[in-house]
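Undergrad: First the structure, which I've put down as structure tokens, then a few questions once you've had a look.
The values are calculated or read from the model by the stated rules, or taken from the named source; none is laboratory data. Not measured: the values here are computed from a predicted model. Every residue, glycine as well, gets a Cβ built from its backbone with ideal geometry; the counts of neighbours run over all protein chains shown.
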Protein chains: 6
Amino acid sequence: MRENTVKTKFQKGEAVVNGWIQIASGISAEAMALSGFDSLTLDLQHGPLHYDAALPLLQAISITPTIPIARVPWNEPGIIMKMLDAGCYGIICPMVNTADECAAFVKACRYPPKGYRSFGPTRAAMYAGEGYAKNANDTVLTFAMIETAEALDNLDAILSVDELDAIYVGPADLSQSLGGLPGADWEDGKAYEAVLHILERAKAHGIYAGIHTGSVSYARKMVEKGYQFVTLQSDLGFLRAKAEEMVNGMKAKEGSEKGSSPY
Amino acid sequence: MRENTVKTKFQKGEAVVNGWIQIASGISAEAMALSGFDSLTLDLQHGPLHYDAALPLLQAISITPTIPIARVPWNEPGIIMKMLDAGCYGIICPMVNTADECAAFVKACRYPPKGYRSFGPTRAAMYAGEGYAKNANDTVLTFAMIETAEALDNLDAILSVDELDAIYVGPADLSQSLGGLPGADWEDGKAYEAVLHILERAKAHGIYAGIHTGSVSYARKMVEKGYQFVTLQSDLGFLRAKAEEMVNGMKAKEGSEKGSSPY
Amino acid sequence: MRENTVKTKFQKGEAVVNGWIQIASGISAEAMALSGFDSLTLDLQHGPLHYDAALPLLQAISITPTIPIARVPWNEPGIIMKMLDAGCYGIICPMVNTADECAAFVKACRYPPKGYRSFGPTRAAMYAGEGYAKNANDTVLTFAMIETAEALDNLDAILSVDELDAIYVGPADLSQSLGGLPGADWEDGKAYEAVLHILERAKAHGIYAGIHTGSVSYARKMVEKGYQFVTLQSDLGFLRAKAEEMVNGMKAKEGSEKGSSPY
Amino acid sequence: MRENTVKTKFQKGEAVVNGWIQIASGISAEAMALSGFDSLTLDLQHGPLHYDAALPLLQAISITPTIPIARVPWNEPGIIMKMLDAGCYGIICPMVNTADECAAFVKACRYPPKGYRSFGPTRAAMYAGEGYAKNANDTVLTFAMIETAEALDNLDAILSVDELDAIYVGPADLSQSLGGLPGADWEDGKAYEAVLHILERAKAHGIYAGIHTGSVSYARKMVEKGYQFVTLQSDLGFLRAKAEEMVNGMKAKEGSEKGSSPY
Amino acid sequence: MRENTVKTKFQKGEAVVNGWIQIASGISAEAMALSGFDSLTLDLQHGPLHYDAALPLLQAISITPTIPIARVPWNEPGIIMKMLDAGCYGIICPMVNTADECAAFVKACRYPPKGYRSFGPTRAAMYAGEGYAKNANDTVLTFAMIETAEALDNLDAILSVDELDAIYVGPADLSQSLGGLPGADWEDGKAYEAVLHILERAKAHGIYAGIHTGSVSYARKMVEKGYQFVTLQSDLGFLRAKAEEMVNGMKAKEGSEKGSSPY
Amino acid sequence: MRENTVKTKFQKGEAVVNGWIQIASGISAEAMALSGFDSLTLDLQHGPLHYDAALPLLQAISITPTIPIARVPWNEPGIIMKMLDAGCYGIICPMVNTADECAAFVKACRYPPKGYRSFGPTRAAMYAGEGYAKNANDTVLTFAMIETAEALDNLDAILSVDELDAIYVGPADLSQSLGGLPGADWEDGKAYEAVLHILERAKAHGIYAGIHTGSVSYARKMVEKGYQFVTLQSDLGFLRAKAEEMVNGMKAKEGSEKGSSPY
């Protein structure tokens, strides 16, 4: 069966560089997968795509060794199990605020007796190869998003839930829930304190920690702190940043050193 | 009727910054259109999309003032007219090697008596608003690609064809046809000579000149030379460049100044 | 940021003419948007389309000033937030029967501290332009459908829920729930009494009232009564009505006044 | 094998009421097919859809007894044969201007020895049932569009081509080619003369005649003249006409007889 | 109104041969429907398709007399009602473990006063023809999946729920829940005992019984036992079985009797 | 660069087992690719799919080592080059009847100076990896279909065309063109003689030979004769054969040996 190299890296203490897919195009997904990310997460929550648009992207990613993960729209067993059956090797679940919500989530990712996932890994078995039924429970990674004040209040309870593998910090929701503005790459204030606190408690519970970031420098900093799963913006963010950089390069007045601009 | 601002810029002697669409996603097309390009060209030739995938991208672009153009797969009236009926305000036709080929192309873009375009601007009339039937012949821009040795041999004849508005240089095909490697942004050699020669002859015939480029610096240089329509890479190229820049930023060893990397 | 002109009309005491989209085609959606409706609602409940089919329709509508709204399949946060992130400026939620259900719905539409909407307005920010994060809570309209006997029993409690902007009457469900037949444009009986009662209570609570209708005459009547948001059938209904009118015009025997029919 | 009831009606001297599909939605196509048209033509020329979008519409139409036809983008054997293999029982080919063009078209619709259609009726055999290989040549209808001055010059030669079943008049192109404006339902002038002349010559050659119209009254008139295949506008036209009628009904000032309007 | 021939067969004591759709292609769905199945179930739970991909398959099936059914991803009213509105004549709901869950499911399939299904059978009315509103409650079949130890514990309570028509056994989940391996066609052990027990209790309650099988021989055996609804594998299973049979036929060494193989 | 293992097998004198894709589903394409075929051909001619539907299938196939090939709808450079740019390692061109047609086809598959293929291998370079520009001309296989009496007349001329790698026999068209019925697996008559003659002449010219077959036994026979590329039916054929086998297994009366059947 195909190895979950994200889990292997986690177990070795290494950090995983995760890409984020919001463009529903098999071609751009294949390009992302060829760019060297360890894993790619299909964002079915805030990304403008749902199951039918996501499926061909999973096939595009499967051309490469990059591990496919999905962030689901909500903590709802139907879509969680559909994404697993489609071949995802990890699920990121938004807005996990209590231990009960966490248990409902992780059990949806596990076959009995550890959970209540229904059996029928139609594409997952094609992706994984022989042994899926036997090994799925030990292969699929569960990430609970910690992104609200309520989740902070219940943090140790959440982190104590069996079959939870990892947490994932959503810095925009976390900040907003703590009374701040939505944003990423916090360097101070309540959101930053929470980012460090979540990491510390996760480590104490033996749970891997991941976080969404907006820059290489912040992602590197988070890895140095101990986060083992860092996401860099998104494909759509990359596209727009580069497009604006190029257009601005063309449209900017060049000033005295180059003489008159054609514009 | 909606103005073709690309034509207006041409007439004013200004340069047009054109983006290039190869990702078949309405969302990424909308992002490109919001990035400030004057026009966006859907690449139905080398881009991995055909008519059915292209149509929603035209709608996404239409949200903004960016002018939509299509490069068709080949000099074939069926697809040329379909893209015009879908609302494109310009057609770039590949591999125009003779005056006859050029005439066949441009007449497919013009209603009688100037050409043989069939009437039925189903979406074009929605995009353009009132007056399409009357003004289409004066609004739609025709770009013949000059990209072979044969086209160079027939250059003046091609440039003399009625209803040809512009030429567009494909530097990779041009170079390969002249015995070189495929590539862009030529600074010397036969391909570069041809790039300058085509421009000079186009100007002599009162035909606007466009070219595909791989960088802001080369595009600016071409504008300074007199090219009035410059394309910067493509959306897929932007995405991949930024993704690789980010991944490399994470995966690079940082060296002595930062101590041991987590990788 | 793009203004929600539906809300503006509400605040001015004006009525909004809403169209209803059940055909999953960007072209027909663009045609509907060009027809002069103030707003268009994508019907993800009874319309034969779900998220992936709905997304390009939102882009088609965005070409025009028509305001996009979605009716979601059910009171479920995943799809509510997805439609908001896609750029909808209003959500119509079916089958809101209690104050708790209403609160769950409206809070899914509001960022903290007013609700629990998760932050990530990927396309909404493209549609709205600058300022979405700050202004979304004051821009997005929440419509709770009142369409059951249970909802009538709980009407004042529902209308008292914070962040509820409007109610929307589904006359077919309402009638069926009250023991009648499904249908629209009630002029008497329990359903009609309920239609008037809901309006009266909504006004008493300062909540805007909307209703689905099947004809211009009934819609005008409802506006005169005080409903400020009236829907006229649906695109599919329009298409079928006109198609049958045309076919019947051809197939009808013309009778004596015109002599023998060719059929 | 499923009967081509359009051909049967032709042979009986009856008129066929044809609908026109430009909306690429299986749901709207099914609604059109249920509306009572004898046949429905998928417009791949001016309609905003190509093969991949058209295929599910053919399946939707096949639910009903309505006969599916396609107008292809251009006289090109690839797409003609694809539409036949998809189950169309007739092909309307645009811009047939000479006998040679006509022969190239009709032979693409016929298996040897009558033509050069390639064998592989993948869906056609599912649609038609047993006997397709044997009966296809006698079942599939060929319609050459007569819509240019050149075609009028060559009319008798075109009408003499073996295996041509019918002609179809495109009044907009015809008028424009004759120096007029694009439009339909001509009642006088060169275009109207041509409409009558084409009909007369078609009858003389034993070729069925069809025409695109914009109204029931004109379609009825054409049937009275002898046209046996009349098209009424299009689904998109129906939708837009009804939508505008409804919106105008709402937005019109009602004047004195009804008191103050809310608008 | 179109008859639900599955229900008719149930009432006559006959068995229904059900096919299982996991390939999201209208063409393969039409081929399945033409193969002679009494009904076809779109598997939205473990099949790699969701609503937007499923809709055209329902239209393809509707070309034939085969009855369309859907297995929904989870016991959630939004998707249940969407599939009914799309024209399904039966819903199979996974993981029904308690009487309350069963009631929530079946009431989502029934209009008031028997349930809380919302009215708006947009495509269902096109599929069914006249009379849907009146007859839907008596036409649509409800199948609760019995596939866990918990469901076995609550079996009589589940089977006593009003408006439950049938149960459907998922042998893989059932076996796994009872401590065994996932698999089908059990001939002994706890899973087989449960298969017989469920049947016996269903008959005692007047509830029809269905089961998923992997072979004709087992399906025939189950019919002999009294199961009246048997599914044979899936379209994807058929495809893969035949493909592997063909490839193995080519790649197998033929041994001495045929001389040297080219492989 | 990824090796073309079909070419390697050809050069080693081995036979290639080719599968045939007519179902436009990434899932069924992945299943086919996992079934052990050496290559898979997307049938854009008689298969119900065109470019936009074919692209995700190429990505699905690319997950495995199976080599992707396309049969194009017609000998037209636009679609030939699009399929190559999408990553196909071979093109099968229908109805090649003369040496000129053959030259036009093969030159569309070769970069200058060997042909006139335009440069822009957008996805092909992702599929192939480094070196595509340099190696494409030596990697891509050209297959001309020999399937008419005219092609037989011109056989040696066709086989002498530079850059032709292989021929592919379409037995149905070939038979029909020779006055027979469409069909496959000919064992005698004119079609069989032609099958043997084509093979003999291909070998004489050093051109590889392929053929479409309907059974393992005939395919094995053809390989023994010297055909090195044999296709087994199609995915749709597999699906339908297995479905009918299963349904017939259920619906067949079992006769006396088993007692009364439930049917």
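Undergrad: Condition check: within 14 Å of chain A (Cβ to nearest Cβ) and at pLDDT 95 or above. Does E:Leu84 satisfy that?
TA: no
Undergrad: Anything in region E:197-211 that is within 12 Å of E:Leu152 (Cα to Cα) and either aliphatic (A, V, I, L, M) or touching a helix residue (DSSP H, G or I) at 6+ places or on another chain (Cβ under 6 Å) (or both)? List them, or say none.
TA: E:Ile198, E:Leu199, E:Arg201, E:Ala202
Undergrad: Can you tell me which of (1) more than 7 Å from every other protein chain (Cβ to nearest Cβ); (2) under 14 Å from the mean Cα position of the chain (by Cα) is the one E:Gly47 doesn't meet?
TA: (1)
Undergrad: From A:Val216, A:Val223, grab the single residue that is closer than 19 Å to A:Ile69 by Cβ and surrounded by fewer than 23 Cβ atoms within 10 Å (Cβ to Cβ).
TA: The conditions single out A:Val223.
Undergrad: Among what's in region B:243-253 and is more than 8 Å from chain A (Cβ to nearest Cβ) and surrounded by 12 or more Cβ atoms within 10 Å (Cβ to Cβ), pick the residue that is modelled with the lowest pLDDT.
TA: B:Ala252
Undergrad: Please pick out the residue among E:Pro77, E:Pro73 that is buried (at least 24 other Cβ atoms within 10 Å of the Cβ), within 14 Å of chain A (Cβ to nearest Cβ) and either out of contact with any Pro (no Cβ under 8 Å at 6 or more places or on another chain) or over 21 Å from E:Gly131 (Cβ atoms) (or both).
TA: E:Pro73
Undergrad: Can you tell me which of (1) over 16 Å from the mean Cα position of the chain (by Cα); (2) surrounded by fewer than 24 Cβ atoms within 10 Å (Cβ to Cβ) is the one B:Ile158 doesn't meet?
TA: Evaluating B:Ile158 over (1) over 16 Å from the mean Cα position of the chain (by Cα); (2) surrounded by fewer than 24 Cβ atoms within 10 Å (Cβ to Cβ) leaves (2) as the failure.
Undergrad: Then there is this: Among the listed residues D:Arg220, D:Arg240, D:Arg201, identify the single one that is closer than 30 Å to C:Lys221 by Cα and modelled with pLDDT of 95 or more.
TA: None of the others qualify; the one that does is D:Arg240.
Undergrad: Looking only at region B:120-148, filter to residues that are within 14 Å of chain D (Cβ to nearest Cβ), among the hydrophobic types (A, V, I, L, M, F, W, C) and in contact with a Gly (Cβ under 8 Å, 6 or more places away or on another chain); which one of those is farthest from B:Phe10 (Cα to Cα)?
TA: Applying the filter and picking the extreme gives B:Met126.
Undergrad: Further question: Restricting to region B:6-40, name every residue that is of a type in the set (S, T, N, Q) and either under 15 Å from the mean Cα position of the chain (by Cα) or facing chain A (nearest Cβ under 10 Å) (or both).
TA: Those that are of a type in the set (S, T, N, Q) and either under 15 Å from the mean Cα position of the chain (by Cα) or facing chain A (nearest Cβ under 10 Å) (or both): B:Asn18, B:Gln22, B:Ser25, B:Ser28, B:Ser35, B:Ser39.
Undergrad: Select the strands (runs of 3 or more DSSP E) contained entirely in region D:1-84, then report the ones holding at least 3 residues which are of a type outside the set (A, V, I, L, M), touching a residue at least 12 places away in the same chain (Cβ under 8 Å) and in contact with a strand residue (DSSP E or B) (Cβ under 6 Å, 6 or more places away or on another chain).
TA: Where strands (runs of 3 or more DSSP E) fall fully within region D:1-84 and carry at least 3 residues being of a type outside the set (A, V, I, L, M), touching a residue at least 12 places away in the same chain (Cβ under 8 Å) and in contact with a strand residue (DSSP E or B) (Cβ under 6 Å, 6 or more places away or on another chain), they are D:16-21, D:39-43.
Undergrad: Name the residue, out of C:Ser234, C:Ser215, that is within 30 Å of D:Met32 (Cβ to Cβ) and touching a residue at least 40 places away in the same chain (Cβ under 8 Å).
TA: Criteria check complete, one pass: C:Ser234.
Undergrad: What number goes with the only condition from (1) in contact (Cβ under 8 Å) with a residue 24 or more places away in the chain; (2) more than 14 Å from chain D (Cβ to nearest Cβ); (3) part of a helix (DSSP H, G or I); (4) closer than 21 Å to B:Asp43 by Cα that B:Ala104 does not pass?
TA: (2)
Undergrad: If you don't mind, another one. Looking only at residues that are of a type in the set (Val, Ile, Thr) and touching a helix residue (DSSP H, G or I) at 6+ places or on another chain (Cβ under 6 Å) in region F:46-70, which one is surrounded by the most Cβ atoms within 10 Å (Cβ to Cβ)?
TA: The qualifying residue surrounded by the most Cβ atoms within 10 Å (Cβ to Cβ) is F:Ile61.
Undergrad: Can you name the residue in region E:99-142 that is hydroxyl-bearing (Ser, Thr, Tyr) and touching an Asp or Glu at 6+ places or on another chain (Cβ under 7 Å) and, of all such residues, is nearest to E:Ala209 (Cα to Cα)?
TA: Checked region E:99-142; the qualifying residue nearest to E:Ala209 (Cα to Cα) is E:Thr142.
Undergrad: Exactly one of these conditions fails for C:Arg2: (1) surrounded by fewer than 23 Cβ atoms within 10 Å (Cβ to Cβ); (2) charged (D, E, K, R); (3) facing another protein chain (nearest Cβ under 9 Å). Give me its number.
TA: Evaluating C:Arg2 over (1) surrounded by fewer than 23 Cβ atoms within 10 Å (Cβ to Cβ); (2) charged (D, E, K, R); (3) facing another protein chain (nearest Cβ under 9 Å) leaves (3) as the failure.
Undergrad: OK, next. For F:Gly131, all conditions in the list (1) surrounded by fewer than 16 Cβ atoms within 10 Å (Cβ to Cβ); (2) under 17 Å from the mean Cα position of the chain (by Cα) hold save one; what is the number of the exception?
TA: The one condition F:Gly131 does not meet is (2).
Undergrad: Any residue at all in region F:177-191 that's in contact with a Lys or Arg (Cβ under 6 Å, 6 or more places away or on another chain) and either crowded, with 22+ Cβ neighbours inside 10 Å or on the phi > 0 side of the Ramachandran plot (or both)?
TA: no
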